[in-house]
Amino acid sequence: MSTGRLSGRVAVVTGGGQGIGRGIALRYAEEGAKIAVADINIDNAKAVSDEITAAGGTAIAVVNDVASRQSVNDAAQRIASELGPIEILVANAGVTRPAMLWKMTDQQWSDVMDTHLNGSFYWLQAVVDGMRAGKWGRVIFTTSAAGIQGTIGQINYSVAKSGLLGMTRSAARELAGDNIIVNAVAPAAATPMTEKIRTEERFSTKYLAEIPLHRWAEPDEIAGAYVFLASEEVSYMTGQVLSVDGGRVMMR
Ligand SMILES: NC(=O)c1ccc[n+]([C@@H]2O[C@H](COP(=O)([O-])OP(=O)(O)OC[C@H]3O[C@@H](n4cnc5c(N)ncnc54)[C@H](O)[C@@H]3O)[C@@H](O)[C@H]2O)c1
């Protein structure tokens, strides 16, 4: 595992314990990166890091609540001391708290803001000094079709994911001079997060009809975009959003 497009790079994948984050962590390891699998669910994070090390890669599992600045700073410090300065940040951890806007509670609103928006910003700040010092960095935020074109029943999620577009573009501008490339992915995949809309008839038919490729992706099919955005190949692309969603979003 010493060769590959991410050979020797230190990467943290938040929410790496399952779903898309797990797919990214496994693929990054195949590409030679040293991985910190960070998740609020430490058992899942440990299972992923064990899978990587069993295959000959380098990985650690780190318990982390992205919604807590202290937890993020502690995790970042531990990763830097065990693996080295963080060079690639994948801000992927996420939750949904669906409700129509007229019924949404403050808790549902703030859970989603705290995880997606605050969590991504805490991690960005936690890694930025090290990346600036090393004059190399890759930051990949995780947005969504919901953040690009809105959605029904998840205004909190849509607002948070739209906010991440602003975070991507502003961070890309501020950090370009330090050779830190910042982009976002808007994925869609079969994960625990999408189980309900994939399996309940009242949602599933409509969702599938909106996807030109007419199927859900496995997380591994999303991971390639994250490898590209973390690699040297992305040296002249920053502040962009890649939709990896079967063609669902084609314009914005
Ligand atoms: N699956 C999709 O179709 C889809 C579509 C658009 C965007 N996304 C985004 O992709 C990302 C990954 O989604 P997924 O489908 O793999 O979801 P998932 O629910 O399968 O996995 C999310 C992971 O994040 C972790 N997590 C949740 N809260 C956390 C916290 N406070 N601190 C640390 N970790 C936490 C969970 O434990 C879990 O391992 C999310 O940001 C999601 O919004 C997913």
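Data overview
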{"read-out": "For segment 127-173: accessible area per residue (Å², 1.4 Å)", "value": "38 Å²"}
{"read-out": "Estimated [θ] at 222 nm from DSSP helical runs (n ≥ 4, -39500 (n - 2.57)) normalised by residues in the chain, nearest 500", "value": "-14000 deg cm²/dmol"}
{"read-out": "Pair D74, M193: separation of 7 Å Cα→Cβ label points (nm)", "value": "2.5 nm"}
{"read-out": "Rounded tilt (10° steps) of 42-54 against the dominant C-alpha axis of the chain", "value": "50 degrees"}
{"read-out": "Inter-centroid distance (Cα atoms) of segment 10-41 relative to segment 195-252, Å", "value": "18 Å"}
{"read-out": "Ranked by how many other beta carbons lie within 10 Å on average, peptides 159-166, 118-125, 196-203 from highest", "value": "118-125, 159-166, 196-203"}
{"read-out": "Inter-probe distance in nm under a simple model that places probes 7 Å from Cα toward Cβ, at D178 and D106", "value": "3.6 nm"}
{"read-out": "Pairwise centroid distance, computed over Cα atoms, of segment 68-125 with segment 131-187, Å", "value": "13 Å"}
{"read-out": "Sites S170 and E201, calculated FRET efficiency, Cβ-Cβ separation with R0 41 Å, nearest 0.05", "value": "0.50"}
{"read-out": "Listed residues Q107, Q154, Q77, most fluctuating in the chain (Gaussian network, C-alpha, under 10 Å)", "value": "Q107"}
{"read-out": "Inter-site label distance for H214 and S81 at 7 Å from Cα along Cβ, in nm", "value": "5.6 nm"}
{"read-out": "Within the chain: Cβ-based charge dipole about Cα centre, in debye rounded to nearest 20 (Lys, Arg +1; Asp, Glu -1)", "value": "560 debye"}
{"read-out": "Fraction of accessible area attributable to carbon and sulfur, the chain (%, probe 1.4 Å)", "value": "52 percent"}
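The values are calculated or read from the model by the stated rules, or taken from the named source; none is laboratory data. Since we're looking at a predicted model, the values are computed, not measured. Cβ sites come from the backbone with ideal geometry, for glycine too, and all protein chains shown count toward neighbours. Protein only, heavy atoms only, side chains kept; ligands, DNA and RNA dropped before computing areas. Shrake-Rupley method; radii C 1.70, N 1.55, O 1.52, S 1.80 Å.
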